[in-house]
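Beneath this line is the structure, given in structure tokens, with notes to follow.
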Amino acid sequence: MFIRIHPRHLPLAGTLAAACLFSPLACLAQDAPARAVPELPDNYQWLEDVNGPRAMDWVKAENARSAKVLEADPRFAEFQAEGLAILESKDKLAFPGFHNGTIYNTWQDADHVRGILRRTSLADYLTAQPHWETILDYDALAKADNEKWVQRGMNCLYPSDNLCLAGLSAGGEDASTEREFDLKAGKFVSSGFVLPKGKQRVSWVDKDTLLVAREWGPGTLTKSGYPFVVKQWKRGEPLEQAKEIFRGNESDGGYGVSPVVLDDAQGHKATLIIRPLNTFEFELSLVTANGVKLLKLPRKANLAGLLDGQLIVTLNEDWTPADKTASFIQGSVVSLDLKAIERDPAHLKPTAVFTPTAQEFAQGVSITRNHLILTTLEHVQGRAYGYTRDKKGGWARKKLAVPDNQTVGIVSTNEADDQFFLILTGFLTPSSLELGDAATGQLKLAKTLPSEFDASKDIVEQLEATSTDGTKVPYFVVHRKDIKYDGSNPTLLNAYGGFQVSMTPSYSGVMGKLWLEHGGVFVLANIRGGGEFGPAWHDAGLKTHRQRIYDDFAAVGKDLVARKITSPQHLGIMGGSNGGLLMGVEFNQHPDLWHAVVIQVPLLDMLGFEHIAAGASWIGEYGSVSVPAEREFLASISPYNNLDKKADYPEPLIFTTTKDDRVGPVHARKFAARMEEYGKPFFYDEIIEGGHAAGANLKEQAGTYATTYIYLTRKLAD
């Protein structure tokens, strides 16, 4: 909750050779040649003026046209009310964040629309009705500042329990304002540190010193709009007098350079700079008294933390260190001795913590005072372990007792002792929080979410489809126990397929209430591009290999039809962000396979994405139009560029937000405008706030969900 290192897409990748683990045919298959697409003039660049009056007039008109249908549905008000009741419920889980042994929580409900930051003791938190103390009221702050603030967490000095930077976003944008806040006193620090609005990365060095990456003037942002210069800023001096300590390059990719200061309970401290070269490759440097020193790590590696003087790193490519005494496969978690790194950053000697198998891959890593907590997926089944460093420098593992058929995630860990919280969740199992002790490996139930919908009639299955190249693609199906296999079941298929993001079972009261309770079937596909089977599963769909991802998804859709779970007339699909791109491609490539398509905060103009919002930061995933072969492929799959006047498309629902400064609303607008030009029907919903999400507050989110499920019900069930 409180330590924000650097938000970004998960930069995980690996070698395609490892895909042989999943299907020998995948190693032999050749990608189909890119389809030649005549490039049309881009007549809708005027919609790229995000807040321009002409563009906003168009948005308002399209919103009104769609609302006349969807919001006028007699079920809309009921759906919205039911969704809001779940989102605002006072019985929902209050997710705990440890900070110096105290529990903090950010909470939203009907009385706290923008939310409050509150705290209590661990003992009190474990009671049925904790006694919370409000520390910061975001609704009151928004009113006082006349700004629609969305909280972006607290970034606090270690190990102090008071000095923090409060992140505040106007309307949900990625750009934030940072203000110094005294956590103990519960108020902003008079004449404290204040960083004006920007896409910035900040770390505390000590109580009077920050490391800051932000825009420092012309020529200090990458082409994707993120900072590449880090400066040291001392308390009391003007921001413009901060001293530069590191400079990347304007051509750097990813989400910008990040300063990171790590401390452990044993008194070790590491100040590092993470420089993204592209979406998935990074340089990691150590800041020393003698300057910034580059560590000789593989470029596809993630920093996970510091424990007992050991830097913990996740590898996303095979690595043989300089001394060649050992080799480590992609997906491994390793430790590096900090003192040895400081002496010789070019000759690193890692020790294996975790080594993946053909079926089990690391997902999350976090650190307590003396131990390391690791979660994995074993054939998309959640697992959890505690690791302890022994006297010889090795790592002993203890498996934690978590149930099968649930997703396991790390909620928070306590660096003041060895306690931690895990979340257990599944499609039909209300989420629960387990309090763990890393020293003993014991878990005990702390909190359970009350049932938010009637799941008594439903079951979950895990099935497989066969993709075009023979690869087996697993997927989950949630359906009624007495389902009729006659093709008549309204079915919603969801996936993501990118950035090594794993799609796993989770409990959604809104989806359950508005879809499953009404007899709908829900499907989650583990297609390539994700992280369910490690870096290779992701790498198999990078850049010009991306058609495999789209073939995987279509294969799941066809398998659902072949099993007579559903039929094209009753099959809908939904995805957001990179998943929105997936929806756009499937909309074009298989228009006869779906009857409803929900395209959320999407990328759709893949010939222009590099100059839209933060698009240039994702060329490591998608490729670049500056590379002829990659441009040819992007042209062949770009949803905006492949719309066909003669095609018979389903009527989609296109959703975005004006305040999305990550992907931006431009893709959705231009796609919809070309649909309109071609006389194709569509629904359009663009809300102002929310950033890259469903809404900036619970009421906005409830409206978005109601619109979505009314659309799906009308298309697939009526």
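The values are calculated or read from the model by the stated rules, or taken from the named source; none is laboratory data. A quick note: this is a predicted structure, and the numbers were derived from the prediction, not measured. FYI the Cβ positions are ideal-geometry reconstructions off the backbone, even for glycines, and counts take in every protein chain you see. Heads up: the accessible areas ignore ligands, DNA and RNA and are worked out on the full protein's heavy atoms, side chains in. Shrake-Rupley method; radii C 1.70, N 1.55, O 1.52, S 1.80 Å.
Axis of helix 578-589 versus longest Cα principal axis of the chain: the two differ by about 20°, to the nearest ten degrees.
Take the Cβ atoms of residue 626 and residue 567, set R0 to 41 Å, and the FRET efficiency comes out at 0.45.
Taking volume of the Cα convex hull per residue in Å³ as the quantity of interest, determine which of [x] 168; [y] 154; [z] 218 was computed from the displayed structure. Entry [y]. The stretch between residue 644 and residue 232, if pulled fully straight at 0.36 nm per residue, gains 143.0 nm over its current Cα-Cα span. Amide hydrogen proximity for residue 176: with H placed 1.01 Å from N in the peptide plane, the residues at 5 or more positions away or on another chain lying under 5 Å are 198, 199, 200.
Taking amide H as placed 1.01 Å from N in the peptide plane, residue 447 has its amide H under 5 Å from the amide H of 433, each at least 5 places away in sequence or on another chain. Using the Cβ-Cβ distance between residue 440 and residue 466 with R0 set to 45 Å, the FRET efficiency from 1/(1 + (r/R0)^6) comes to roughly 0.50.
Straight-line reach from residue 564: which lysines fall under 26 Å, measuring Cα to Cα and dropping same-chain residues less than 8 apart? Within the straight-line limit of under 26 Å, residue 564 reaches these lysines: 457, 472, 481, 484, 513, 715. As a rough guide to protection, the peptides 458-467, 299-308 ranked by mean Cβ packing within 10 Å, highest first, stand as 299-308, 458-467. Place a label point 7 angstrom from the Cα of residue 457 along the Cα-to-Cβ direction, then list the residues of region 498-523 whose backbone nitrogen is under 11 Å away. The answer is 516-520. Region 502-532 and region 256-294 have Cα centres lying 37 Å from one another. Summed over the residues of the chain and divided among them, the accessible surface reaches 38 Å² per residue at a probe radius of 1.4 Å. Could you tally the net charge around residue 710, taking each other residue with its Cβ under 12 Å from the Cβ of residue 710, Lys/Arg +1 and Asp/Glu -1? Counting the neighbours of residue 710, the net charge comes to -3.
The distance between label points at residue 448 and residue 46 comes to 5.9 nm (points 7 Å beyond Cα on the Cα→Cβ vector).
When you count the other C-beta atoms within 10 angstrom of each residue and take the mean per peptide, 492-503, 598-609 line up highest first as 598-609, 492-503. Each Lys or Arg adds one and each Asp or Glu takes one away; over the other residues whose Cβ falls under 11 Å from the Cβ of residue 219, this sums to -1. Backbone geometry of region 424-435 corresponds, through the Karplus equation with coefficients 6.51, -1.76 and 1.60 at θ = phi - 60°, to 3J(HN,Hα) couplings of 10, 8, x, 4, 10, 9, x, 4, 10, 10, 10, 8 Hz, x marking Gly and Pro.
Residues of region 691-717 with amide nitrogen under 14 Å from the 7 Å Cα-to-Cβ point of residue 60? Correct set: none at all. The distance between label points at residue 191 and residue 146 comes to 2.7 nm (points 7 Å beyond Cα on the Cα→Cβ vector). With 0.36 nm allotted per residue and the present C-alpha distance subtracted, the residue 110-residue 396 stretch has 98.3 nm of extension available.
Most tightly packed first, judged by the mean number of other beta-carbon atoms within 10 Å of their residues, the peptides 100-112, 704-716 read 704-716, 100-112. Along region 225-231 the Karplus relation, 6.51 cos²θ - 1.76 cosθ + 1.60 evaluated at θ = phi - 60°, assigns HN-Hα couplings of x, 10, x, 10, 10, 10, 10 Hz to successive residues, with x for each Gly and Pro. Applying 1/(1 + (r/R0)^6) with r as the Cβ-Cβ distance of residue 486 and residue 416 and R0 = 60 angstrom yields a FRET efficiency of 0.55. Carbon-plus-sulfur accessible fraction, the chain (probe radius 1.4 Å, protein heavy atoms only): 51%. Straight-line reach from residue 398: which lysines have Cα under 25 Å away, leaving out those fewer than 8 places along the same chain? The qualifying lysines are 349, 444, 447. Each residue of region 666-671 is assigned a 3J(HN,Hα), and the resulting list reads 4, 4, 4, 4, 5, 4 Hz, derived from the Karplus form 6.51 cos²θ - 1.76 cosθ + 1.60 (θ = phi - 60°), x at Gly and Pro. Would you tally the net charge around residue 316, using a Cβ to Cβ cut-off of less than 11 Å, leaving residue 316 out, and scoring K and R as +1, D and E as -1? For residues surrounding residue 316, the net value is -2. Cα centroids of region 54-73 and region 340-412: 49 Å apart. For region 578-718, the alpha carbon positions stretch 45, 36, 23 Å along the principal axes, listed from largest to smallest. If each residue of separation counts as 0.36 nm, what is the full-extension length gain between residue 121 and residue 206 once their alpha-carbon separation is subtracted? Taking 0.36 nm per residue and subtracting the Cα distance, the gain is 28.0 nm.
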